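Chemist: Sharing a structure, written as structure tokens. Questions coming.
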Amino acid sequence: MLDFFRRSATSVVSWVILGVLALAFGLSFGLPSDSISFGATPFVSVRGAAIGDAEVRYQFNAVGRVAPLPESAATRRFFNVNGIVLDAAVERALLADVARRLGLEATVADAEDLTLNGHVVILGDTFRFLPEGQAFDYERFREGWLRELQISEKDYLEIQRDEVLARTLRELLASAVTVADDELRREYDRRADRVDVTYVRFDPLAFAPLVDADPAAIDGWLGAHRDELEAEYTRQAARFAKLPEQTRLRLVEVAFAAAPAGSAAPAVDAAAPAAAEVPAPALDRDGAKARIDAARARIAGGEDLRAVARELSTHRTARAGGDYGWVSLSGTGSGLPTAVDDAARALAPGELSPVLEADGAYYLVRVDGRRQGDVPKDDALRELAEDAVAVARGRDLAQQAAKDALLGLADGSPLMTAFPPPSGESGGAGGAVTFAQTTGPFPRVGGVPGLGDAPKLQEAAFAAASPEPGATTPLGEVFEVGDAFVVAAVSARERPTDEGFAAERPDLLTRVREDKARKVLSRWSAQRCELALGARAIVPNADKITRLTTYDVAADEAESPAMKYSVCSRVGMRGDILRTQLLTQQMMGGMGGPGAAPPAGP
């Protein structure tokens with residue numbers, strides 16, 4: 001407790017009663033004094049107490065010192081950071097005034113004690129501004145901390161005194177919050193009733209590379225979706241304008257033993273792409289040469305390079321039929337070995353290279369097109385149509401793969417066995433694009449970990465029978481979650497018990513009371529502010545607030561969404577997203593101490 005409570009312990013019960021009465025009947029606000037503090041016109045006055053440039057600048061610097069504010073003007077505008085900071089100052093002044101009117105006390109000496117102990121109150125929370133174990137140094141405090149915050153010692157202590165008062169009032173009102181036992185049991189049941197799900201997500205974008213859009217399909221899409229493609233062309237105009245010389249490459253690679261890390265990739269069975277993605281066995285030089293020669297012979301004999309690449313290539317592009325995309329062969333090159341780039345420069349469009357050896361692999365490369373400057377609109381529209389056909393058919397493939405996976409569960413095969421996670425840290429070039437994952441235990445409320453909002457899957461998981469130990473309970477349908485298709489099985493079920501409730505009750509009571517107190521305080525503070533605003537106990541300066549909450553954003557961002565602001569709109573949130581960022585910063589390593597570079601003000 002604060003020094004006030006230590007000095008006036010006999011009064012604590014009285015203040016609690018006053019706090020409860022304040023909650024029950026509300027606090028009346030008289031009209032503010034017409035006298036405003038000397039100096040510049042304030043942004044807001046709270047019962048005559050001016051919140052001016054100096055205090056708002058301090059608030060920005062204090063928050064920015066511990067949790068850097070967004071650098072982008074567009075981001076600051078989107079969240080209306082300036083309005084959040086101003087309302088945090090209004091909330092502090094409002095609660096400090098209410099506290100004084102209840103008879104609570106905080107003195108400059110209390111603020112000095114707080115500071116000497118290395119603490120500061122920002123957005124209603126108490127933090128250390130000195131590293132643990134470092135003694136307070138007045139000169140460093142004055143020349144470092146105060147200079148960075150751009151505030152005088154007198155004004156700093158006045159603000160900290162009000163922060164202490166506001167904190168005291170919050171603690172007082174929070175102490176009146178109670179939690180009934182049945183309310184606590186409902187919260188325990190909600191948290192303890194959980195399932196653990198294993199799932200496989202079939203993403204259409206992962207299956208799109210398997211689609212080879214033929215000219216007829218592209219023409220059909222152009223005819224049926226011309227307006228959509230025109231709009232997409234406008235959105236992606238930069239993709240097709242003022243291009244350097246580019247070449248579209250398609251390739252087959254066969255790596256042999258001692259190939260560079262990450263260059264090996266799976267051989268893909270096009271008939272069963274999702275289940276056949278396993279690392280290809282390493283070949284020796286002779287085996288690799290025999291495979292690449294066979295590949296060239298098949299392509300030269302009229303077989304589609306895309307099909308051959310999916311079957312024989314060990315490159316990461318195998319799944320996409322060897323399509324390496326549009327690249328530049330000048331400067332740093334395409335990212336392929338120099339010998340491959342050199343060969344590609346000499347090829348005519350449609351021409352297949354001889355077998356090339358470079359960096360532990362054999363290659364075949366074909367040039368599928370060249371371009372430079374502005375791409376003709378018709379060509380750009382065809383490229384967009386090709387992409388769209390691949391995505392649309394990829395969706396069909398993903399849905400069918402999910403249905404096939406669901407049928408496979410009928411024989412009792414665990415998803416984790418049928419769709420093992422990628423090997424290695426990232427899966428390498430041969431990592432599976434479709435593999436099983438687990439959610440971990442999660443409750444009925446909220447989303448599904450890893451999948452987000454999936455109400456039908458969540459409902460089915462909680463309705464499923466509990467699995468036997470070591471087994472799973474498949475959910476008998478394919479779920480559409482976002483743009484993907486999901487097959488899932490319940491791998492574990494946890495249910496509430498009386499014993500569990502008894503064990504968790506003490507910690508749960510603390511958490512529920514704190515959460516309930518935050519909600520009560522938020523609603524109460526917002527209501528007090530609105531009542532004070534209506535009674536003109538809070539008087540905003542509209543012109544000055546408009547200037548504060550107008551951001552210098554680029555012309556193309558002027559119409560982007562932005563949080564609307566009016567005084568009191570963020571009161572009760574104690575700094576909103578800024579406070580959340582501040583708390584996260586503290587958990588990740590503390591605030592540091594005086595002496596760091598000061599942040600920019602509003």
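The values are calculated or read from the model by the stated rules, or taken from the named source; none is laboratory data. Source: prediction; values computed, not measured. A quick note on method: Cβ atoms are made from the backbone with ideal geometry, for glycine too, and the neighbour counts reach across all protein chains shown.
Chemist: One residue is enough: does segment 173-190 have a residue meeting the conditions closer than 30 Å to Arg92 by Cα, assigned to a helix (DSSP H, G or I) and aromatic (Phe, Trp, Tyr)?
Modeler: Taking every residue of segment 173-190 in turn, none turns out to be closer than 30 Å to Arg92 by Cα, assigned to a helix (DSSP H, G or I) and aromatic (Phe, Trp, Tyr).
Chemist: Could you please find all residues in segment 44-99 being under 25 Å from the mean Cα position of the chain (by Cα) and among the hydroxyl-bearing types (Ser, Thr, Tyr)?
Modeler: If the condition is that a residue be under 25 Å from the mean Cα position of the chain (by Cα) and among the hydroxyl-bearing types (Ser, Thr, Tyr), then Ser72, Thr75 are the ones that fit.
Chemist: Moving on. Conditions first: (1) closer than 19 Å to Leu305 by Cβ; (2) surrounded by fewer than 14 Cβ atoms within 10 Å (Cβ to Cβ); (3) of a type outside the set (A, V, I, L, M, F, W, C); (4) touching a Ser or Thr at 6+ places or on another chain (Cβ under 8 Å). Pro244 passes all but one, so which condition is the exception?
Modeler: (1)
Chemist: Quick one: His119 ticks every box in (1) at negative phi; (2) surrounded by 23 or more Cβ atoms within 10 Å (Cβ to Cβ) bar one, so which box is it?
Modeler: Every listed condition holds for His119 apart from (2).
Chemist: Suppose the filter is under 18 Å from Leu165 (Cα atoms) and assigned by TED's automatic domain parsing to the domain that holds Glu148; does Gly103 pass it?
Modeler: It is true that Gly103 is under 18 Å from Leu165 (Cα atoms) and assigned by TED's automatic domain parsing to the domain that holds Glu148.
Chemist: Ok, one more. Find all pairs meeting these conditions: Cβ atoms under 6 angstrom apart; at least six residues apart or on different chains; first residue within segment 198-220 and assigned to a strand (DSSP E or B); second residue of a type in the set (S, T, N, Q) and at pLDDT 90 or above.
Modeler: Here the result reads Thr198/Thr438; Thr198/Ser491, each pair linking segment 198-220 to a residue that is of a type in the set (S, T, N, Q) and at pLDDT 90 or above.
Chemist: Can you find a residue that is touching a residue at least 40 places away in the same chain (Cβ under 8 Å), among the polar types (S, T, N, Q) and on the phi > 0 side of the Ramachandran plot anywhere in segment 74-84?
Modeler: So far as segment 74-84 goes, yes, one or more of its residues are touching a residue at least 40 places away in the same chain (Cβ under 8 Å), among the polar types (S, T, N, Q) and on the phi > 0 side of the Ramachandran plot.
Chemist: Cβ contacts < 7 Å: first residue over 16 Å from Arg170 (Cβ atoms), restricted to segment 99-118; second residue surrounded by fewer than 15 Cβ atoms within 10 Å (Cβ to Cβ), any location; separation 6+ or different chain. Result?
Modeler: Cβ pairs passing all conditions: Leu116/Phe136; Gly118/Phe136.
Chemist: For residues that are modelled with pLDDT under 90 and either hydrophobic (A, V, I, L, M, F, W, C) or closer than 30 Å to Ala99 by Cα (or both), tally how many sit in segment 178-204.
Modeler: Matching residues across segment 178-204 total 0.
Chemist: Please list, ordered by residue number, the strands (runs of 3 or more DSSP E) wholly in segment 356-466 having 2 or more residues that are in contact (Cβ under 8 Å) with a residue 12 or more places away in the chain and outside the structural domain of Leu283 (by TED's automatic domain parsing).
Modeler: So the answer is 436-438.
Chemist: I've got another one for you. Among the residues of segment 188-231, what is the count of those that are among the charged types (D, E, K, R) and touching an Asp or Glu at 6+ places or on another chain (Cβ under 9 Å)?
Modeler: Residues that pass the stated criteria total 6.
Chemist: Being under 14 Å from Val81 (Cα atoms), modelled with pLDDT under 85 and of a type in the set (A, V, I, L, M) is the filter here, so list the residues in segment 557-572 that pass it.
Modeler: Ala562, Met563
Chemist: Could you say which residue among Leu130, Leu169 is part of a helix (DSSP H, G or I) and in the same structural domain as Thr115 (by TED's automatic domain parsing)?
Modeler: On inspection, the qualifying residue turns out to be Leu169.
Chemist: Go through segment 43-94 and give me each residue that's of a type in the set (D, E, K, R) and either not assigned by TED's automatic domain parsing to the domain that holds Gly124 or not in a helix (DSSP H, G or I) (or both).
Modeler: Hits for segment 43-94 are Arg47, Glu71.
Chemist: Take the residues in segment 463-477 that are of a type in the set (A, V, I, L, M) and surrounded by 11 or more Cβ atoms within 10 Å (Cβ to Cβ); name whichever of them is nearest to Ala401 (Cα to Cα).
Modeler: Per the criteria, the residue is Leu475.
Chemist: Within segment 467-477, work out how many residues are within 30 Å of Val391 (Cα to Cα) and either without any contact (Cβ under 8 Å) to a residue 12 or more places away in the chain or among the hydrophobic types (A, V, I, L, M, F, W, C) (or both).
Modeler: Counting residues in segment 467-477 that are within 30 Å of Val391 (Cα to Cα) and either without any contact (Cβ under 8 Å) to a residue 12 or more places away in the chain or among the hydrophobic types (A, V, I, L, M, F, W, C) (or both) gives 1.
Chemist: Here's another thing I want to ask about it. Suppose we keep only residues that are under 32 Å from the mean Cα position of the chain (by Cα) and of a type in the set (A, V, I, L, M, F, W, C) within segment 167-187. Which one would you say is nearest to Gly118 (Cα to Cα)?
Modeler: Here the answer is Ala174.
Chemist: Out of everything in segment 126-182 that is touching a His at 6+ places or on another chain (Cβ under 8 Å) and closer than 27 Å to Leu508 by Cα, what residue ends up being surrounded by the fewest Cβ atoms within 10 Å (Cβ to Cβ)?
Modeler: Checking each candidate, the answer is Thr126.
Chemist: Is there a residue being among the hydroxyl-bearing types (Ser, Thr, Tyr), over 22 Å from Asp286 (Cβ atoms) and not in a strand (DSSP E or B) anywhere in segment 335-347?
Modeler: The answer is yes; a qualifying residue exists.
Chemist: Could you tell me whether Arg285 is within 15 Å of Leu251 (Cα to Cα), surrounded by fewer than 18 Cβ atoms within 10 Å (Cβ to Cβ) and of a type in the set (Lys, Arg)?
Modeler: no
Chemist: Shifting gears a bit: Can you name the residue in segment 314-334 that is in contact with a strand residue (DSSP E or B) (Cβ under 9 Å, 6 or more places away or on another chain) and hydroxyl-bearing (Ser, Thr, Tyr) and is also farthest from Arg393 (Cα to Cα) among such residues?
Modeler: Among residues in segment 314-334 that are in contact with a strand residue (DSSP E or B) (Cβ under 9 Å, 6 or more places away or on another chain) and hydroxyl-bearing (Ser, Thr, Tyr), the one farthest from Arg393 (Cα to Cα) is Ser330.
Chemist: Please indicate, with yes or no, whether at least one residue in segment 478-495 is crowded, with 16+ Cβ neighbours inside 10 Å and free of Cβ contacts under 8 Å to residues at least 60 places away in the same chain.
Modeler: Yes, that holds for at least one residue.
Chemist: Being of a type in the set (Val, Ile, Thr) and either in contact with a helix residue (DSSP H, G or I) (Cβ under 9 Å, 6 or more places away or on another chain) or surrounded by 13 or more Cβ atoms within 10 Å (Cβ to Cβ) (or both) is the filter here; which residues of segment 496-523 pass it?
Modeler: Thr497, Val512, Val520
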